[in-house]
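Notes to accompany the following structure.
The values are calculated or read from the model by the stated rules, or taken from the named source; none is laboratory data. Everything numeric here is computed off the predicted structure, so don't read it as measured data. No Cβ is skipped: glycine too gets one built from the backbone with ideal geometry, and neighbour counts run over all protein chains shown.
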Amino acid sequence: MKTPDLLELAARNLRESVLRNSLTTLGIAVGVASLVAMLSLGVGLQQLATRRLEKTGLFDTVIVSRGDFGGFGARARGAATAENNRALDETARREISSLPGVLEAVPDLRMMTQMRFDGKPHRAMVAALPLSAHDREAFENIQGSFFSSRNAAEAIVQRRFAEELLGRAPGSDEASSAGEALPALQPLLGKELVMYYAERVPAANPSSGKAGTPGSSPTPPRASQAPAAAAPANGADAGVNTPLAAFSVVPQTRSLRIVGIVADEPDTLRGVGRARVFIPLDFAQGLQIITPSDLREGSGLADRSYTALSVRVRNSRDVPGVEGSIHRMGFNAFSVLDASRDLQRFFTVLDLFLAIFGSLALAVASLGIINTLVMAILERRREIGILKALGASDTDVKKLFFTEAGAMGIVGGVLGVTLGWMIGKVINAGANIYLHRQNLPSETFWSVPWWLVLGALGFSLAVSLVSGLYPAARAAKLDPVKALRYE
Amino acid sequence: MSMTTTTHNAPGTIRTVEICRHYTLGTSVIRAVDGISFSAQGGEFIALLGSSGSGKSSLLNLIAGLDRPTSGDVQVDGRSLSELSSEELARYRRHSVGIVFQAFNLVPSMTVAENVELPLRLAETERRDRAGRVGEALDRVGLSPRLAHRPGELSGGEQQRVALARALVNSPRILLADEPTGNLDSHTGMEIMELIRDCNRRLGMTVLLVTHERALAERYARRLLFLADGKLVEDQPILPFPGESAVRP
């Protein structure tokens, strides 16, 4: 029998017992809906977690340090050998920037310094951030704004530091983590914050630095030996192999306008080195702030090296490749990709369990299909006999019952996906109402990707066809002589 | 009216060789058909007569390919049905035989046209050719105006006409009729028998008619086979109509 005839006959047969077949199809729909609702929740939670983690910048970032520096990941990845003591300088930065999959490689500039606000001193870790950091989660609920330009003399302060500047006691942990604590600190916005820092200037002209730059003051915050010739700390090493570049350390001040307040530092990889004040990276580089590596290596202004680089990759999938390339260049590289892998494993297991629970309803529905089709065989026994007498082969009869089972599976699948989608939407809406009442921002916990829609339809069809196996075989084996005698 | 003569080479020849169909019920064996041998030439009209349980319908089912013999063989146009696979046997039923049952056996949910179209669907006949062939078959039985009716809306005689049209629509070589008038009054039964004889004469179909009405058999068939307890007890030719040749068993 040709397929259109098969479909026509199957549709006719299904219409004949419309109530029973509709109930069976509804059973399949409920099964598919539970599967889709469960998995869409699992997928949605996974996407939410991934989205959140990606926004932290942790999963697409590789921190690079010198090969002989026992810093980030030195133990985890194996410290580089002694010969891998290549300087992490501008040449290396450019080389890393040009690696496939790398978006940018920026110096990790941070220093402990003193700030003055309203005439009072405050100690703070200052970190320089590229403009690309704007996309990070930490700046989602910023109070105020991000840096206006790459060279702006602007600062974004961390909430606890802002509270300290305003002379307020730091809030409790619960309150401090909530986004609504920030508006209370709004008076700080637009105010001036004075940063004290040590500038390195070439030794040949130690005092011709930028002491007179606008907005700066030559007054050191406390007694200082500046200007003074700095000797490299690792003089033995540098003294043998590297021409020493002498430089002077000149105390400087710089006025910064507070433009934003954030709850957390964007770079949560840091532990004790967490910053409380952020300034634009290009602006910070222009200040020629002295860094620990300057003292260690004694490099000149032109070939100064960095303590660390923060390398952002296009996709978290690119991280292992980039890490490997950086290792081969002789540097230490560290990322939290392993944590990401664990997370993926967790969600895979979660999805598996959700799918198993969701499939239970579909398994029950498949029993409904078997029951319906077996009943149909009993009811249509004579009709099957007629078909066989007229020349229907066993295969024709089998195909007819398969088509009926498949039709119930497809219709049930479509209804189920729609129902599951609606259930997911309702759960999402309900959860967001709850979040709204808790003064938390809305989230999407639920997602129905195309693969889930197609997979659910395919699974529904497959389950229906498997359920149709026994009834179809039974119908095909009917003895036409007995079937024709059946009343 | 063109008369059909029976010949050994015409399509629709049937030959049974010591054919048996035994059923086992518990410890007892029921010999529904027990070693029947006979030959029917193409275009012959044979009536199978016998009392209830004599094995008429069982023999018809074996010739129709609806059942397989316990032993022996059925040959149609020289081809042994025992050697056919299940699929080949279905193809044989589809193209070579048309069956009319006492109980009509129409599909109640289908219209008259759909019932008649059913063998064409199974034979994978092109859709565009079907309406013409359905109309032709229904014309032959005089039921063209009832195309859209369902079997439940027809009289017994009309239902049997539909069953006959369905049996004819694929132009089979053999028409097997199992008590076709059994559920009809005598007048309607005569009408159906006239149609069957018409198929035999005009289309040259071999007709095997199962009946227990001797008068009906003698009136329409040209040869009578008497069955009792599953055995062929008598093979009796009937004088031919004028212009027909007698058939020798």
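So for the range B:70-92 (the condition being of a type in the set (D, E), facing chain A (nearest Cβ under 9 Å), closer than 21 Å to B:I46 by Cα and in contact with a Ser or Thr (Cβ under 9 Å, 6 or more places away or on another chain)), does at least one residue qualify? Scanning the range B:70-92 turns up no residue that is of a type in the set (D, E), facing chain A (nearest Cβ under 9 Å), closer than 21 Å to B:I46 by Cα and in contact with a Ser or Thr (Cβ under 9 Å, 6 or more places away or on another chain).
For every residue, the table says whether it meets (1) among the aromatic types (F, W, Y); (2) within 30 Å of B:D34 (Cβ to Cβ); (3) surrounded by 15 or more Cβ atoms within 10 Å (Cβ to Cβ).
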residue	(1), (2), (3)
B:A148	no, no, no
B:G152	no, no, no
B:A167	no, yes, yes
B:I174	no, yes, yes
B:A177	no, yes, yes
B:N183	no, yes, yes
B:E213	no, yes, yes
B:D229	no, yes, no
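Taken together, B:G53, B:G26, B:G42 contain a single residue that is modelled with pLDDT under 90, within 24 Å of A:L390 (Cβ to Cβ) and among the small types (G, A, S), which is B:G42. Under the condition of being within 14 Å of chain B (Cβ to nearest Cβ) and of a type in the set (D, E), the residues counted in the range A:438-487 number 2.
Within the range B:101-157, the residues that satisfy the criterion of being facing chain A (nearest Cβ under 9 Å) and among the small types (G, A, S) are B:A103, B:S109, B:A123.
This table checks each residue for (1) crowded, with 23+ Cβ neighbours inside 10 Å; (2) of a type in the set (S, T, Y); (3) assigned to a loop (DSSP other than H, G, I, E, B); (4) within 23 Å of the chain's Cα centre (by Cα).
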| residue | (1), (2), (3), (4) |
| --- | --- |
| A:K388 | yes, no, no, no |
| A:G391 | yes, no, yes, no |
| A:G412 | yes, no, no, no |
| A:G416 | yes, no, no, no |
| A:A431 | no, no, no, yes |
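Within the range A:363-376, one or more residues are in contact with a Phe, Trp or Tyr (Cβ under 7 Å, 6 or more places away or on another chain) and assigned to a helix (DSSP H, G or I).
Can you list the helices (runs of 4 or more DSSP H) found entirely within the range A:74-187 that contain at least 2 residues being out of contact with any Gly (no Cβ under 7 Å at 6 or more places or on another chain), modelled with pLDDT of 75 or more and buried (at least 19 other Cβ atoms within 10 Å of the Cβ)? First the steps, then the outcome.
Values: elements: A:74-77, A:90-97, A:159-165, A:173-177.
Per the criteria, A:90-97, A:159-165.
Take A:L378 and decide whether it is without any contact (Cβ under 8 Å) to a residue 40 or more places away in the chain, closer than 27 Å to B:L164 by Cα and more than 14 Å from chain B (Cβ to nearest Cβ). Against the criterion (without any contact (Cβ under 8 Å) to a residue 40 or more places away in the chain, closer than 27 Å to B:L164 by Cα and more than 14 Å from chain B (Cβ to nearest Cβ)), A:L378 qualifies.
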